[in-house]
Amino acid sequence: MNPKISDWHNKRVWVIGASTGIGAETARLLLENGARVALSARRVDALKAVAKGREHALVVPLDIVDHASVLSARDTIRQQWQSIDLVLVVAGTYNEMRADTFDLAVANQLLDMNIHGVFNCLDAVLPGLLAQGSGGIGIVASVAGFRGLPKALVYGPSKAALINLCESLYLDLRPRGIAVYLINPGFVETPLTAANDFRMPALISARTAARELVRGLERGEFHIHFPRRFTNWMRVARLLPYRVYFWLIRKGTGL
């Protein structure tokens, strides 16, 4: 559904959310494969740790919820590279929440990061991608966006919005020569998931997740999801009647 990528050498990739977890490991893997990678996130020290010893790494700090910060980072990258071949928006956050612990302030913070931050990135990169008529954009959502889940009262809807967004972007951008990638991880070992107090089926390392993500880009897939032994089950669950789905979730989670 997208062009295949056979060679990463000198590909100019901007990874937003590259300080830790999937973003950091994806950036490292792309650098190992010969890409030029701009590393963005808030924590400069963490970005420098990812970039250490890599001559093709460019550290460009930003705050994804600050529109001006994102635009400034884009301008810095353009000054260095002239244009960008691929943008990966990996940044996001997670807060466990249920109806009896609903907190509007926390909910708004999560939505600012997971949705408004992504739109800040789109505003920064879409004009350039459309002008050059090539390149691509990938957005990390989550299988938690497929259907409602316990403890994901705000996180789940934020990721559902990103799934819908990527589908709409594909319809608009692919005919214009621009690739779009919807990236839906299952459970991945990151600082965010380390706080979970429940069993995480098919948990994989961030490095494994990065390999699956990059492999999906290379294959030209629109929907990149992993680990498939878990994510394929979640895809099937989208088709189940509510009565069956709710029963399975309660039985499977005990929540």
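Quick rundown of the values:
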| read-out | value |
| --- | --- |
| Stretch gain in nm, segment Ser205-Arg98, where the contour uses 0.36 nm per residue and the Cα spacing is subtracted | 35.8 nm |
| Fewest-first sequence of Phe226, Phe246, Phe146 by Cβ atoms within 10 Å of each Cβ | Phe246, Phe146, Phe226 |
| Footprinting exposure proxy for Leu129, Leu71, Leu213, Leu239 (fewest neighbouring C-beta atoms within 10 Å first) | Leu239, Leu71, Leu129, Leu213 |
| Label assignment, Rg and Dmax of the Cα atoms in Å derived from the structure, set (1) 17.8, 55; (2) 17.3, 52; (3) 18.0, 61 | (1) |
| J(HN,Hα) series, the stretch 112-124, from Karplus relation 6.51 cos²θ - 1.76 cosθ + 1.60, nearest Hz, glycine and proline x | 4, 6, 7, 10, 5, x, 5, 5, 4, 5, 4, 4, 6 |
| Net charge contributed by nearby residues that have their C-beta within less than 13 Å of Trp81 (K/R +1, D/E -1) | +3 |
| Listed residue (Ala38, Asn114, Ala152) projecting farthest to the positive dipole end of the chain, Cβ model | Ala152 |
| Nonlocal amide H pairs with Gly138, under 5 Å, H built at 1.01 Å | Val87, Leu88, Val89, Tyr181 |
| Dipole moment magnitude, nearest 20 debye, the chain about Cα centre, only Lys, Arg, Asp, Glu C-beta charged | 820 debye |
| Sparse-neighbour loop sites [trypsin sites (Lys or Arg not before Pro); the stretch 170-255; at most 10 other C-beta within 10 Å; DSSP] | Arg199, Arg238 |
| Förster radius 41 Å - calculated FRET efficiency between Gln79 and Arg250 (Cβ-Cβ, nearest 0.05) | 0.15 |
| Length gained when the stretch Asp112-Ser134 is fully extended (0.36 nm per residue, less Cα-Cα span) | 5.0 nm |
| Ranking of Lys11, Lys48 by count of other Cβ atoms within 10 Å, fewest first | Lys48, Lys11 |
| Spatially proximal lysines relative to Lys159 (Cα-Cα < 23 Å; intrachain offsets below 8 disregarded) | Lys151 |
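Readers should treat all values here as calculations from the given coordinates under stated rules, not as data from a laboratory. None of the values given here were measured: they were computed from a predicted structure. Neighbour counts are summed over all protein chains in view; Cβ atoms, including those assigned to glycine, are modelled from backbone coordinates with ideal geometry.
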